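Each remark here refers to the structure printed beneath this line.
The values are calculated or read from the model by the stated rules, or taken from the named source; none is laboratory data. Since we're looking at a predicted model, the values are computed, not measured. Methodologically, a virtual Cβ is constructed for each residue, glycine included, from the backbone with ideal geometry; neighbour enumeration extends over all protein chains shown. Only protein heavy atoms, including side chains, enter the accessible area calculation; ligands, DNA and RNA are left aside. Shrake-Rupley method; radii C 1.70, N 1.55, O 1.52, S 1.80 Å.
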Amino acid sequence: MGHFVIFGATGGIGSKLAEILSAQKHQITLPTHTEEKAKLLSQKLRQEYHLIDFSNSHHVQTGVEQIISK
């Protein structure tokens, strides 16, 4: 199965896409700046999330590197 990184997964369209892909047994990573919603969704889907401050380019780079290394 594939590995998908879904930005905006805590919103309506993104969360539905995450649910569909997760149900198809794909690995999902949810980068987010709002931990509360991402944590709930990741628990529901049994997938992982990464807390990333999108206003900080260094934090974005570090977060993307962590996602890629998995």
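Quick notes on this structure:
- Filter result (open to solvent by 60 Å² or more (accessible area, probe 1.4 Å), of a type in the set (A, V, I, L, M) and closer than 19 Å to Glu65 by Cα) within region 40-55: Leu51
- For Gln47, the requirement of being under 11 Å from the mean Cα position of the chain (by Cα) and of a type in the set (S, T, N, Q) is met.
- Options Lys70, Lys37: the member that is modelled with pLDDT under 90, open to solvent by 90 Å² or more (accessible area, probe 1.4 Å) and in contact with a helix residue (DSSP H, G or I) (Cβ under 9 Å, 6 or more places away or on another chain): Lys37
- Count of residues meeting criterion [farther than 19 Å from His59 by Cβ and among the basic types (Lys, Arg)] in region 1-42: 2
- Subset of region 1-43 [out of contact with any Phe, Trp or Tyr (no Cβ under 9 Å at 6 or more places or on another chain), in a helix (DSSP H, G or I) and without any contact (Cβ under 8 Å) to a residue 24 or more places away in the chain]: Gly12, Ile13, Lys16, Ile20, Ala23, Glu36, Leu40, Gln43
- Every residue from region 2-16 that is β-branched (Val, Ile, Thr) and exposed (fewer than 15 other Cβ atoms within 10 Å of the Cβ): Val5, Ile13
- Filtered residues of region 44-70 (kept if over 18 Å from Met1 (Cα atoms) and part of a helix (DSSP H, G or I)): Lys44, Ser57, His58, His59, Val60, Gln61, Thr62, Gly63, Val64, Glu65, Gln66
- Residue match in region 17-25 (condition: at pLDDT below 90 and open to solvent by 60 Å² or more (accessible area, probe 1.4 Å)): no
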